[in-house]
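The values are calculated or read from the model by the stated rules, or taken from the named source; none is laboratory data. Everything numeric here is computed off the predicted structure, so don't read it as measured data. Heads up, the Cβs are rebuilt from the backbone with ideal geometry, glycines too, and the neighbour counts pull from every protein chain shown.
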Amino acid sequence: MTVEIKEKTRDRQAWMGLLARAEAADLARLWARYGAVPAHDLLRAPEIGGVMLRGRMGAVGDAFNMGEMSVTRCSVRLADGPDGHAYVQGRSRDKALQAALVDALMQSDAANEVRSKLLAPLAEIEGQRRARRAAKAAATKVDFFTMVRGED
């Protein structure tokens, strides 16, 4: 695999991860502000399903089933060619469709506009959300220390 392909793959993983982690309301608000829905065909209409979450104790133990999670997936093809795919947590058909359209648009000539109008604001919102969560966790931090007894 060439360096260019690896870089494109990494970029796509980053924007697809950002879309998957985004709150449905944030994506919907930015999508509405973006403008008209591009002409597209549904390759796979948004459909809801479930996945089994697996975990490992200490990241090294035997795998075990933690539980199930709802996911929604969607695939689209823009009129001018690129395909877009999305898997999002939860049961939001609209979010899955919007994320798939954004994925397809990021592989088209509209990529720079989509990056500035949708992905950059979503990344900023995610950063703010993480900072609030970190501040909340830091407020509950307890420092433990051991006092040395003054005996000889």
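Worth pointing out:
- The stretch 28-60, residues that are of a type outside the set (Lys, Arg), at pLDDT below 90, outside any loop (DSSP other than H, G, I, E, B) and surrounded by 10 or more Cβ atoms within 10 Å (Cβ to Cβ): Gly55
- Residue in the stretch 77-95 that is in contact (Cβ under 8 Å) with a residue 12 or more places away in the chain, assigned to a strand (DSSP E or B) and among the aromatic types (Phe, Trp, Tyr) present: yes
- Answer from Ala63, Ala79, Ala134 - the residue that is exposed (fewer than 11 other Cβ atoms within 10 Å of the Cβ), within 15 Å of Pro38 (Cα to Cα), modelled with pLDDT under 95 and among the hydrophobic types (A, V, I, L, M, F, W, C): Ala79
- Matching entry among Arg73, Arg12, Arg21 (being more than 21 Å from Ala120 (Cβ to Cβ), among the charged types (D, E, K, R) and within 15 Å of the chain's Cα centre (by Cα)): Arg73
- Only one of the listed residues (Ser92, Ser116) is polar (S, T, N, Q) and over 15 Å from the mean Cα position of the chain (by Cα). That residue is Ser116.
- Scanning the stretch 96-109 for residues that are in a helix (DSSP H, G or I), over 14 Å from Asp11 (Cα atoms) and not polar (S, T, N, Q) gives Ala96, Leu97, Ala99, Ala100, Leu101.
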